[in-house]
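Presented below is the structure to which this report refers.
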Amino acid sequence: MKLSARNALKGKVVDIAKGQVVAKVKIDIGGQTITSLVSVDAVDDLALKVGDEVQAIIKSSEVIIGK
């Protein structure tokens, strides 16, 4: 699969919390955890489960940093 996004972070799914419509998927990317909100349908279609190796693909027009 080719994508226009250039920010792909390899990691492992460490938690999936499904709601009625949206699921919170936590991915360990080498000691740091990022969280993605996706539809429950997407989790089911991808057959995501804890322990899966995945890529978090980030496409954004801006990144805001705070300190």
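Of note:
- Overall form of the chain per C-alpha gyration tensor (a/c, 1.5; a/b vs b/c): rounded
- About its Cα centre, the chain has a charge dipole of approximately 260 debye under the convention of +1 per Lys or Arg Cβ and -1 per Asp or Glu Cβ, with nothing else charged.
- If R0 equals 22 Å, the separation of the Cβ atoms of Lys26 and Ser60 corresponds to a calculated FRET efficiency of about 0.70.
- The chain, accessible surface, carbon-and-sulfur percent (1.4 angstrom probe): 52 percent
The values are calculated or read from the model by the stated rules, or taken from the named source; none is laboratory data. In this text the structure is predicted, and so the values were computed from the model without any measurement. Neighbour counts run over all protein chains shown; Cβ positions are idealised from the backbone, glycine included. Please note that ligands, DNA and RNA were not included when accessible areas were found on the heavy atoms of the full protein model with its side chains. Shrake-Rupley method; radii C 1.70, N 1.55, O 1.52, S 1.80 Å.
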